1. Of all residues in segment 1-25 being part of a loop (DSSP other than H, G, I, E, B) and among the β-branched types (V, I, T), which is least open to solvent (accessible area, probe 1.4 Å)?
2. What is the residue count in segment 199-216 for residues that are among the small types (G, A, S) and buried (at least 17 other Cβ atoms within 10 Å of the Cβ)?
3. Looking only at segment 26-39, count how many residues are surrounded by fewer than 21 Cβ atoms within 10 Å (Cβ to Cβ) and either assigned to a strand (DSSP E or B) or modelled with pLDDT under 95 (or both).
4. Here is a list of conditions, (1) in contact (Cβ under 8 Å) with a residue 24 or more places away in the chain; (2) more than 19 Å from the chain's Cα centre (by Cα); (3) under 28 Å from P244 (Cα atoms); (4) surrounded by fewer than 18 Cβ atoms within 10 Å (Cβ to Cβ), and A48 meets all of them except one; can you say which number that is?
5. Among the residues that make up segment 43-58, is at least one of them under 25 Å from T125 (Cα atoms), among the aromatic types (F, W, Y) and out of contact with any helix residue (DSSP H, G or I) (no Cβ under 9 Å at 6 or more places or on another chain)?
6. Taking the condition of being open to solvent by 30 Å² or more (accessible area, probe 1.4 Å) and at pLDDT 95 or above, how many residues in segment 51-71 meet it?
7. Take P173 and tell me if it is open to solvent by less than 80 Å² (accessible area, probe 1.4 Å) and either closer than 23 Å to Y245 by Cα or of a type outside the set (A, V, I, L, M) (or both).
8. With the condition being at pLDDT 95 or above and touching a Leu at 6+ places or on another chain (Cβ under 6 Å), I'd like the strands (runs of 3 or more DSSP E) fully within segment 109-218 carrying at least 2 qualifying residues.
Amino acid sequence: MPEQLDVFVTVKTYPHPSNTYLETVCTGGLTSDGNWVRLYPLPYRYLADESKFRLYQWIRLQAKKTHPNDDRRPESHRPIWDTIQTLEHVGVDSKTGWQDRCDILLPHVSDSLEELTAKYHSSYTSSGLIRVDRVVDVAVEPDDTDWSQQQRAHMLQMTLLDDTKPFPLKRVPWKFRYRYFCSDTSCQGHFQSVRDWGLHQLYLKECQRLDGEKAAVDSVKRKMWQTIDPDRRMPCFFVGTVYPYDKFIIGGVFAPPLPNVRKSSHRQEALDFS
């Protein structure tokens, strides 16, 4: 049976075409009782306007726990799309905005990816927020330049059948990655993809604003470094596994300003790449 969940949204991955669900977006967050949750599938661009939500916003919805035969990860739920209600947004445009986010999230931070990986192998725990000790590289690598022929045909058909549908989804031909060490003393380093929607959208915006792909890629890399600047921020990564594998990827970045950062800088950016 469906259950009602209040979820503080922390992750929205870039959409992927789906013949079954139009498009799929993996949405993650923390429930009001302190549990990580994954809402999938969710065709975000096709939701009614009043149901569309932002990162760091509370939402209320009905969702069904995914059957263990389909997905044994305890966080996985199937959202009932037309039940989504948007509630309070915890922004950074107030004096307590960053502190309010920290109060919600930091009690649930893990010291390392090694800790989460051990939990996955014992109980299939597959989502979390980890503290980053240091980032040593930002990589942008070539990816497929377009969707498959079947995916393109499906998106075109949906647009032709209903002119209220969003424009066909653009493929971002790059993979964005961080190479980093977490806080475990035994950490040998991690090299993970970032699937954050805002980061991919930033690249598309920079392609329109700047002259050429190289300039857009360089701009995105600078933004990725600025976002985790250890002199000004405390970087943490939202991580989760991609079914059916046990490999963790980065769904988003949470990097609140350090206490000695000037108050005026708290209003500069929401650290969701948008």
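1. V25
2. Going residue by residue through segment 199-216, those that are among the small types (G, A, S) are 212, 215-216.
Filter again for buried (at least 17 other Cβ atoms within 10 Å of the Cβ), leaving 216.
Residues in segment 199-216 being among the small types (G, A, S) and buried (at least 17 other Cβ atoms within 10 Å of the Cβ): 1 in total.
3. First pass over segment 26-39, keeping only residues surrounded by fewer than 21 Cβ atoms within 10 Å (Cβ to Cβ): 31-35.
Filter once more, so that each one left must be either assigned to a strand (DSSP E or B) or modelled with pLDDT under 95 (or both): 31.
Counting residues in segment 26-39 that are surrounded by fewer than 21 Cβ atoms within 10 Å (Cβ to Cβ) and either assigned to a strand (DSSP E or B) or modelled with pLDDT under 95 (or both) gives 1.
4. Condition (3) is where A48 drops out.
5. yes
6. So in segment 51-71, the residues open to solvent by 30 Å² or more (accessible area, probe 1.4 Å) come out as 52, 54, 58, 60, 62, 64-65, 67-70.
Still in the running and at pLDDT 95 or above: 52, 54, 58, 60, 62, 64-65.
Looking only at that region, the number is 7.
7. On the way: open to solvent by less than 80 Å² (accessible area, probe 1.4 Å): yes; either closer than 23 Å to Y245 by Cα or of a type outside the set (A, V, I, L, M) (or both): yes.
For P173, the condition - open to solvent by less than 80 Å² (accessible area, probe 1.4 Å) and either closer than 23 Å to Y245 by Cα or of a type outside the set (A, V, I, L, M) (or both) - is met.
8. On the way: elements: 127-142, 174-182, 190-193.
Here the list reads 127-142.
The values are calculated or read from the model by the stated rules, or taken from the named source; none is laboratory data. All of these numbers come straight from a predicted model, not from anything done at the bench. With ideal geometry, Cβ positions are generated from the backbone for all residues, glycine too; neighbour counts draw on all protein chains shown. Remember, those area values only see protein heavy atoms, side chains included, never the ligands or the DNA or RNA. Shrake-Rupley method; radii C 1.70, N 1.55, O 1.52, S 1.80 Å.
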